[in-house]
Amino acid sequence: MRRLIVYLLICIMGAVFAACTKSSSTQNGADRASDGESLSEPQTTETETSKEQSTETEAPRETETQTETQGETEFSVDDTGKYKLNTVESLEDDGKEMSPAEAYRSVMKGKHSVLELFEGEKFFWVNIDPKEVSSFTLVAESIEDRPDTGLARVDMLHYNRSGLAGAICPFYVTWGSFVCVDLDGDGKEEVLVSGEGSDVTVILHFVGDEVYMTSIYSKFRPAYIYENGVWETLMGAFDRQFYKIYPRKGATYHEQLAYEWVAEGMNSDSYIYKVKGKDVTKEEHDAYVEELIGGLTPLEWHEFTEENIDRYVVD
């Protein structure tokens, strides 16, 4: 009997609970129907807000496909994922009337832009048989000014090209040292600047109201530079070469004056000597080199500091 009474009580409570739930659902449905318009606006607003939030969260992902960040610096990449050269439209001292030394100092302090002359595009060989150089090397018949339209304008202190085959990198060059020298004997000094702990070397030269910056491959980085502008490179223990550099508007030219290298093995009989592209004997080569740099001491490179820039980069 007790079990029957308990069972009946459970059934009655279940029926009451079901009736209450149905009533509540019906009332809530009526409330939503009567407030349909007021509810639709918040839903729309919520949807639009959601879309805006989605757009805002997606924007950085889109940016990340165009730039890569290291620390506080962003480096752009192209559609293939390769890094792009960092360029500028102008800097604060651009357009000001300046002497060459004033312009160089401004460039080296990041206040004046430069037009880049890249070796693979605007750095020419002269007085050489094209057969003597590789197919990608530029050879010019004469030294002359060239158009500078289309050149990249860069900030020297935010330059991201390597001297290793001109590769563009996700970091800026740290400049370590510089030297001032009249490269082509026109009475006006140029400035050579070398990267600190890197293979980057550039030449700054001033023409008209522009400063040009020639970026050269590491293989032409000078081991020594002399006051007459002769440029000596050492490519290995048995490879010694001498060059003359001729900066011009829109281009830079270089002439190989003399060189010696080991053709094969380490035997001294396998040395090859040339002067201005012609085979010569060791005695003829050494005599010519003596004429070039005999009695001259290599110029001193200065640490790339603002104090040294003001001290040594002068007209």
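Summary of values
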quantity	calculated
Simple label model, 7 Å out from Cα along Cβ direction - Val207 to Lys131, nm	3.1 nm
Over region 192-287: Kirkwood hydrodynamic radius from C-alpha pairwise inverse distances, Å	14.9 Å
Lysine pair count for region 213-309 [Cα-Cα under 20 Å; pairs on different chains or 8 or more apart]	7
Spin-label model distance (nm) - Trp261 vs His158, 7 Å beyond Cα toward Cβ	3.9 nm
Extension gain (nm, one decimal) between Lys188 and Glu283, 0.36 nm per residue minus Cα-Cα	30.8 nm
Debye log10 I(q)/I(0) at q = 0.17, 0.28 Å⁻¹ for region 121-179, Cα point scatterers	-0.85, -1.14
Label-point separation in nm, Glu121 to Lys219, each point 7 Å along Cα→Cβ	2.1 nm
Share of carbon and sulfur in the accessible heavy-atom surface of region 133-213 [1.4 Å probe, %]	51 percent
Residue-span extension gain [Glu227 to Thr80] - 0.36 nm each, minus C-alpha spacing	48.4 nm
Whole-number accessible area per residue in Å² for region 84-219, which is evaluated in the context of all protein chains at 1.4 Å	45 Å²
Extension gain, Leu299 back to Cys169 (0.36 nm per residue minus Cα-Cα distance, nm)	43.8 nm
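The values are calculated or read from the model by the stated rules, or taken from the named source; none is laboratory data. Worth saying up front: this structure is predicted, and the values here are computed from it rather than measured. Methodologically, a virtual Cβ is constructed for each residue, glycine included, from the backbone with ideal geometry; neighbour enumeration extends over all protein chains shown. In case anyone asks, the SASA skips ligands and DNA or RNA and just uses the protein heavy atoms, side chains included. Shrake-Rupley method; radii C 1.70, N 1.55, O 1.52, S 1.80 Å.
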